[in-house]
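The values are calculated or read from the model by the stated rules, or taken from the named source; none is laboratory data. None of the values given here were measured: they were computed from a predicted structure. Cβ coordinates were reconstructed from backbone atoms using ideal geometry, including for glycine residues, and neighbour counts include every protein chain displayed.
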Amino acid sequence: MLADHYEVLGVSRDASQEEIKKAYRRLARELHPDVNPGDDAAERFKLVTHAYDVLSDPEQRRRYDMGGDDSPFGGANGFGGFSDIFETFFGAAGGTRAARPRSRRERGQDALVRITLELKDVVFGVHRDIEVDTAVLCETCQGSCCQPGTGPVTCDICHGAGYVQRQVRSLLGNVVTSQPCTVCQGYGTTIPYPCVTCQGQGRVRARRTVSLDIPAGVETGLRLQLPGSGEVGPGGGPNGDLYIEVTVAPDEVFSRDGDDLLATLEVSMPDAILGTTTTIESLDGPVDIELRPGVQSGDVITVRGRGITPLRGTQRGDLRIGVHVVTPTRVDGRSRALIEEFAKKTKPPAPRLAHFQQGLFAKLRDRFRNG
């Protein structure tokens with residue numbers, strides 16, 4: 001059980017930095033192993049040195065005096081709950097839980113990578129190898145944090161417990177407190193010879209390749225989770241998860257509506273009047289399209305099963321093609337005469353008012369929505 005730092009150095013709580021330094025020098029000369037080889041003197045020398053390390057640093061001393069790090073009363077914000085209060089005043093032995101050394105092995109952080117796909121990649125899914133800049137296991141120490149051939153040693157202050165106990169006078173009388181050891185940071189061990197490759201972290205930054213099978217049907221904003229493919233943890237701890245956020249780039253021809261694909265087919269007036277057969281290139285190969293005679297702008301041609309495979313399913317959506325009849329803006333004299341003769345024979349109805357629509361795309365939108 002350790003005494004209060006001020007009691008260890010034999011100074012008052014309002015002692016100046018100079019008084020603390022003089023007290024430490026006096027005790028260090030008295031207890032140094034070269035002068036006093038006794039076991040008790042060596043133990044006291046460690047306590048004196050630790051107390052001086054805390055009180056000689058203004059910030060550490062301020063936190064200590066306010067009940068912060070290495071103080072009898074826990075964090076700077078006071079107590080952390082009923083169990084912490086109980087353990088603070090009565091020690092690990094009397095509390096509801098036993099203080100244990102911290103593990104150097106901690107779970108790594110999750111990582112997020114954003115990738116951009118083309119629309120054709122989501123029709124059937126796609127395989128990608130992506131480069132990830134992340135933390136990987138140190139090959140030199142294999143996560144031990146120590147130089148090869150060395151290892152952690154038991155902390156001289158807490159003797160491997162990861163925490164220290166001290167007796168403190170309070171309104172409740174003399175109580176025993178239990179706090180994380182500031183020398184080993186609660187690990188119970190120190191590393192005298194840290195690995196030079198990872199600087200004692202057990203991991204290093206590196207680029208690695210992750211193979212990813214992206215399923216069909218993904219869409220912008222979707223995140224795919226790869227468990228255990230994130231960063232390796234400190235001390236060679238388990239990997240976090242890797243998340244892949246997908247963005248689907250706009251396509252020059254096709255757009256997406258759920259599992260269906262939408263496109264517009266431009267048709268000349270003669271083909272619209274007489275009808276024709278044409279071949280178009282879909283996202284997964286050629287498709288034959290038959291236009292009936294008299295097809296109108298805004299008509300929709302549906303090609304079954306040429307859309308997108310859903311994320312959870314096997315039945316593909318459809319390819320829906322909106323017709324746009326292109327009216328020529330310039331005609332020569334002979335063509336104009338033929339058109340006028342055609343108009344006389346067909347006697348088309350006079351122009352008439354109808355419900356207002358914002359052009360072809362509004363008409364196509366309504367027809368797409370109505371199936």
(request) Six or more apart or on different chains, Cβ under 9 Å: which pairs go from a residue in the range 204-219 that's closer than 30 Å to Ser144 by Cβ to one that's in a loop (DSSP other than H, G, I, E, B)? Could you list them? (result) Val204/Cys138; Val204/Glu139; Val204/Thr140; Val204/Thr197; Val204/Cys198; Val210/Ser229
(request) Could you tell me which of the residues Gly217, Gly236, Gly258 is among the small types (Gly, Ala, Ser) and under 30 Å from Arg102 (Cα atoms)? (result) Gly236
(request) Look at Glu231 and say whether it is at pLDDT below 95 and more than 30 Å from Pro310 (Cβ to Cβ). (result) yes
(request) Go through the residues of the range 282-294 one by one and say whether even a single one is over 44 Å from the mean Cα position of the chain (by Cα), surrounded by 13 or more Cβ atoms within 10 Å (Cβ to Cβ), in a strand (DSSP E or B) and modelled with pLDDT of 90 or more. (result) yes
(request) Show the residue pairs that are 6+ apart or on different chains and have beta-carbon atoms under 7 Å apart, the first residue being within the range 327-347 and under 26 Å from Leu265 (Cβ atoms) and assigned by TED's automatic domain parsing to the domain that holds Pro270, the second being part of a loop (DSSP other than H, G, I, E, B) and among the β-branched types (Val, Ile, Thr). (result) Ile339/Val331
(request) Go through the range 319-339 and give me each residue that's under 59 Å from the mean Cα position of the chain (by Cα) and part of a loop (DSSP other than H, G, I, E, B). (result) Thr327, Pro328, Thr329, Arg330
(message) For the list (1) under 30 Å from Gly202 (Cβ atoms); (2) buried (at least 19 other Cβ atoms within 10 Å of the Cβ); (3) among the hydrophobic types (A, V, I, L, M, F, W, C), I need the number of the one condition that Leu226 fails.
(response) (2)
(request) Output the residue which, of all residues in the range 116-139 that are surrounded by fewer than 16 Cβ atoms within 10 Å (Cβ to Cβ) and of a type in the set (Val, Ile, Thr), is modelled with the highest pLDDT. (result) Thr116
